[in-house]
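Written below as structure tokens is the structure these notes are about.
The values are calculated or read from the model by the stated rules, or taken from the named source; none is laboratory data. Quantities reported herein were computed from a predicted structural model and do not represent experimental measurements. Virtual Cβ from ideal backbone geometry, glycine too; neighbours counted across all protein chains shown. For accessibility, only protein heavy atoms count, side chains too; no ligands or nucleic acids. Shrake-Rupley method; radii C 1.70, N 1.55, O 1.52, S 1.80 Å.
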Amino acid sequence: MAATPVLRGATPVFADVDPWTMVVDPVEVEKLVTGRTKVIMPAHVFSVMADMPALRRVATDAGVRLLEDSAVAQGGVLAGRPAGTWGDAGVFSFVQVKTFGMPGEGGMVVTGDPALGRAVRMLRNHGQDGRTRFLHHRVGHNSRFDELMAAFQLRRLAGLPGRLERRARIGDYYTERFTGLPGVLPPPPGRDGRCFYVYSLLAEHRDDLRDHLAAAGVGSHVYYRDPLPAQPAFAAFAPDRDWPGARHACRRQLAIPVYPHLTDAQVERIADEVCRFALSRGAR
């Protein structure tokens, strides 16, 4: 999402994350809000939703928009409120690897603001209003969700709650097994404010754990080896800051399988391998 303000000619301002939850720290956000701030754009990451009640307060007090990046948070609920509904608008991704993924590219914007909804509908279709073809009210894009992908998603929608519950049960099991392991930190327990797009733990010897799992036939994945403002595309927007929380997470984060079609035996074996590695390291 950092590309969006840059492409609009605005300046992205980056806030650090909590090193355990790996989501943005609302205290950091509040410190960075100024009279030039137009929108706060928190992202839910991995297994944890951002602290939306706190961020909602920050945005309301500052009189700015709150845009909730819920790309990975399908089915997430925080304090009884679904992901995507805390902000002035929420955005979801349905790309293949997401919890509600599909064969192609696509996504969705949700909002309770009718004017904002009308603007989004125009922007997705070259600025047309959906009533008069070839009348362009504003400069827009070709971001239409095609009918084939929509039909595919509608067919899969009925099974989404069951798949989400299976992911959550696997995540609960992992957290129970990994809590207290030396050198391994699971995400915060519970289901409130959780989303099980991936299950990411923090490991002191992350690369060695990844290699151990690979040798045992267990796939794992490292996301985001560098904080976003350290990437070449965005480094010019934050030349004089460091990101201790994000750097801590980048060095330690490892995602292990949590997809709903895993059998109980497979889940147990994955957990066994993580425990075996952690305990062997802790005994040294």
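The heavy atoms of residue 224 present about 150 square angstrom of accessible area, all protein chains included, probe 1.4 Å.
Since only 197, 136, 79 are under comparison, the one whose Cα sits farthest along the positive direction of the charge dipole of the chain, derived from C-beta charges on Lys, Arg, Asp and Glu, is 136. Helix 147-157 versus the longest principal axis of the chain: what angle, 0 to 90°, nearest 10, using Cα atoms? It is inclined by approximately 50 degrees. Helix 160-178 and the longest principal axis of the Cα set of the chain meet at an angle near 40°.
Surface composition of the chain: carbon plus sulfur atoms contribute 56% of the solvent-accessible area (1.4 Å probe, protein chains only, all chains present). Using Cβ point charges alone (K and R +1, D and E -1), the dipole size of the chain about the Cα centre works out to roughly 740 debye. Toward the positive end of the charge dipole of the chain, with +1 on the Cβ of Lys and Arg and -1 on the Cβ of Asp and Glu, the farthest Cα among 34, 160, 24 is that of 160. Placing +1 on each Lys and Arg Cβ and -1 on each Asp and Glu Cβ, with no other charges, gives the range 64-156 a dipole about its Cα centre of roughly 220 debye. The largest accessible area among 243, 20 belongs to the first residue in 20, 243, and the rest follow in falling order (1.4 Å probe, all chains).
Solvent-accessible surface of the range 124-164, taken per residue with a 1.4 Å probe and all protein chains present: 82 Å².
Approximating the spin labels as points 7 Å out from Cα along Cα→Cβ, the residue 211-to-residue 259 distance works out to 2.7 nm. Relative to the longest principal axis of the Cα atoms of the chain, the long axis of helix 264-282 lies at roughly 70 degrees. The stretch between residue 204 and residue 37, if pulled fully straight at 0.36 nm per residue, gains 56.4 nm over its current Cα-Cα span.
Fully extending the segment from residue 179 to residue 142, taken as 0.36 nm per residue of separation minus the present Cα-Cα distance, adds 8.7 nm. Considering only beta bridges that DSSP places wholly inside the chain, some 75 percent are antiparallel.
Can you give the net charge of the other residues whose Cβ lies under 12 Å from the Cβ of residue 214, counting K and R as +1 and D and E as -1? If you can, show how the numbers build up before the last one.
Numbers: positive: 210; negative: 207, 208, 211, 273.
Surrounding charge for residue 214 is -3.
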